[in-house]
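A short write-up of the structure that comes next.
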Amino acid sequence: MEVIIWGTGSWLEPSEEGDYTVYVPALPGCISEGDTLEQALQNIREAIVLYLEPLQEPPVQEGQLVYEVAV
């Protein structure tokens, strides 16, 4: 099962083992995991911040709608 979360277009995938993987398709390689849903969500927030930190402007593909999201 995949669920879209947040306005960032993040995807959440629960595993058969009970943990969670979260990734952000708009940010290639921005992936995180957690043993619980709450931990996975906190970890992806941190991953997004670290991913965007060195960039002057967030990567946006032509034709995408962009919304600001507090992380």
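Take TYR67 and decide whether it is in a helix (DSSP H, G or I) and modelled with pLDDT under 90.
Answer is no for this residue.
Pull up the stretch 1-25, narrow it to residues that are assigned to a loop (DSSP other than H, G, I, E, B), under 12 Å from the mean Cα position of the chain (by Cα) and at pLDDT 85 or above, then point me to the one that is surrounded by the most Cβ atoms within 10 Å (Cβ to Cβ).
If we take residues in the stretch 1-25 being assigned to a loop (DSSP other than H, G, I, E, B), under 12 Å from the mean Cα position of the chain (by Cα) and at pLDDT 85 or above, then VAL24 is surrounded by the most Cβ atoms within 10 Å (Cβ to Cβ).
Pick from the stretch 26-45 the residues that are outside any helix (DSSP H, G or I) and under 9 Å from the mean Cα position of the chain (by Cα): which of them is nearest to GLU62 (Cα to Cα)?
In this case the residue turns out to be ALA26.
The values are calculated or read from the model by the stated rules, or taken from the named source; none is laboratory data. The model shown is predicted, which means the values in this text are computed figures rather than measured ones. Cβ atoms come from the backbone with ideal geometry, glycine included; neighbour counts cover every protein chain shown.
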